[in-house]
Each structure stands twice: as structure tokens, then as C-alpha cells.
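Asks: So that we are looking at the same thing, I have put the structure below in C-alpha cells.
The values are calculated or read from the model by the stated rules, or taken from the named source; none is laboratory data. Keep in mind the model is a prediction, meaning the values are calculated, not measured. Cβ placement follows ideal geometry from the backbone for every residue including glycine, while neighbour counts extend to all protein chains displayed. Just the protein is used for accessible areas: all its heavy atoms, side chains included, with ligands, DNA and RNA removed. Shrake-Rupley method; radii C 1.70, N 1.55, O 1.52, S 1.80 Å.
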Amino acid sequence: MIRLLYVFVVCFFSLIFFAELAVASEKKLVISRFKNADGDKVVSYVLEQIYKRIGYEITFVDFPGKTSVIKANAGEADGENMRRAGLESVYSNLVQLSYPHVDINFRLYIKGDEGFLPAADSWKNTRIGIVKGVIVAEEMTKGLNPVLHDSVGDLFEQLNLGKIDVAIATDLIGGLEVFMNHQRENIKAHGETLKTISLYHYLHKKNEHLVPILNKEIELLRKNGELQKLYVEGFKFVRAQADDNE
């Protein structure tokens, strides 16, 4: 009888233990993202904090170009870090959140003090560097003379070397790349904002039960100003990481 009771107790607590493990594993997600530039790290930091607020832990896996969203759509990742609105019409397994967690401005970057007027004729004779897989940049340079690069780091290195005339990048990702790696090289944003877009987090439909929870959290963060504070934290976090690696 005592032995049976012992077996029962052991089995009972084993079930509790494995149930807790299952619950813990259910609260961990893997999110795909487009490469791993410093600006992407800032956005990733903010998304991590948003998930922590709803009791979830996320990690990231990096892919080049459109591969990131393709992997998320295939269910090989639980979601996609940030993309523009409307992708669910092409990637039917993805569910877009209602509120963006980042708004970005596309800018021209030049090296030196010579001005550049982005009129149609000027664009046609200009070597315009963009990052491959950034859909908005590809659309803006369609029919022109774009030079494709695999990463933001490579894009700005080629601008620094004079291999391209201008670069198109966002104020978040491009601006941080200049700040982190090209402060002394007279690379700067030039002219007006080319285009402003809001970027949304996407979840694979297997995780769509989290959509209303995340919608509510992001809406609140945008309304009370906390989202901007998280981005300030993110910048400090990325800069501290860079200092530690030097």
C-alpha cells in the first residue's frame, strides 16, 4: 500500500513537472527577421520587451531578403519581426497585427558635401545603392540603376568607398549604421524624407490567439508614449553591446 502511494505521488508530481515544462515551452517563440543590422537589433529589443509584458519570451533567427517572411509563412518560424502592411494577401499563413510597432522614414544618404537633387533625370544617371529584399527600396528604384547589397553594413561601406553615388536606407537602420560605424567619414542623410511607412509584426496563424493580446499592448504603448521610451532603451542597449565588443 505504501509502495502504491509512493508510486502515485511520484507520478503525480512528474505530471505536474512535465505540464509546467509544456506551458513554459508554449511561451517561447522564434521570430524570423531580415538580417541583423544594428537598427534591426533596436526593433528586436523593443519587440522582446513587448512580448515580456504579455509573459512570453522570444528569440530571433536571421535570414537574407524575403527569405525571412517566407520562413515565417511556412511555419518554420512563429512570426516575422517587422514588415509593411498587407503582406497577408501574398503570404496567407501570416496574420498582421492591427498596430505598427515602428514607423520609419526612407532617406537618401551621401558622402561629402556635394548636394544631390533627386529629380527623375538625376536618378537615371545615378548609382543608387539599396539593400536586397527591402521591398520599398526596390519599388522606389524600379527602372533606374539600383545596385543591390546583401546588408546595410555592406551598403554603407560601398558608399564610403565611392562604389555607389547614393544609398537609400531608413533613418532608424541607416542612421544607426552611420552613427555606429561611419561617424568620421562625412556620410549623412540628405534632402527630404523619400517615404514614410509603418511596419507591423506578423504572426503565423498557429499563434493567432496572441494577436488580440499584442494588439492591445502595442495600442497602449503607442498611446501612453512608452513605445518611444522603449526605442530609446533599445538604442542604448545596442550602443552598450557595441562598446563591450570593442
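Asks: Looking at the stretch 120-153 only, could you name the residues that are over 17 Å from residue 105 (Cα atoms) and free of Cβ contacts under 8 Å to residues at least 12 places away in the same chain?
Replies: Matches in the stretch 120-153: 120, 121, 122, 142, 143.
So that you can scan it fast, the table gives a plain yes or no per residue for (1) of a type in the set (A, V, I, L, M, F, W, C); (2) open to solvent by 40 Å² or more (accessible area, probe 1.4 Å); (3) at pLDDT 90 or above:
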residue: 2; (1), (2), (3): yes, yes, no
residue: 12; (1), (2), (3): yes, yes, no
residue: 20; (1), (2), (3): no, yes, no
residue: 31; (1), (2), (3): yes, no, yes
residue: 44; (1), (2), (3): no, no, yes
residue: 51; (1), (2), (3): no, no, yes
residue: 54; (1), (2), (3): yes, no, yes
residue: 57; (1), (2), (3): no, yes, yes
residue: 76; (1), (2), (3): no, yes, yes
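Asks: Consider only pairs whose beta carbons are under 6 Å apart and that are at least six residues apart or on different chains; among these, list those whose first residue lies in the stretch 161-172 and is among the hydroxyl-bearing types (Ser, Thr, Tyr) and whose second residue is modelled with pLDDT of 90 or more.
Replies: Filtered contacts from the stretch 161-172: 170/106.
Asks: To continue, here is another question. Determine which member of the set 163, 195, 223 is exposed (fewer than 15 other Cβ atoms within 10 Å of the Cβ), of a type outside the set (S, T, N, Q) and assigned to a helix (DSSP H, G or I).
Replies: Residue meeting the stated conditions: 223.
Asks: Here is a follow-up. So which residues in the stretch 122-135 are crowded, with 18+ Cβ neighbours inside 10 Å and among the aliphatic types (A, V, I, L, M), if there are any at all?
Replies: 128, 130, 131, 134
Asks: Follow-up question, since we're still on this one. Restricted to the stretch 102-121, and to residues that are small (Gly, Ala, Ser) and open to solvent by 40 Å² or more (accessible area, probe 1.4 Å), which residue is modelled with the lowest pLDDT? Full working, then the answer.
Replies: Pass one, the stretch 102-121, residues small (Gly, Ala, Ser): 112, 115, 119-120.
In the following step, the residues that additionally are open to solvent by 40 Å² or more (accessible area, probe 1.4 Å) were identified as 115, 119-120.
Details: 115: 63, 119: 55, 120: 49.
Selected residue: 120.
Asks: A further question on this structure: Suppose we keep only residues that are open to solvent by less than 30 Å² (accessible area, probe 1.4 Å) and polar (S, T, N, Q) within the stretch 198-217. Which one would you say is nearest to residue 27 (Cα to Cα)? Spell out how you get there, then give the answer.
Replies: Looking only at the stretch 198-217, we keep the residues that are open to solvent by less than 30 Å² (accessible area, probe 1.4 Å), and these are 199, 201-204, 207, 210-211, 214-215.
Checking the rest, the ones that are also polar (S, T, N, Q) come to 207, 215.
Numbers: 207: 11, 215: 17 Å.
Looking at the filtered set, the residue picked out is 207.
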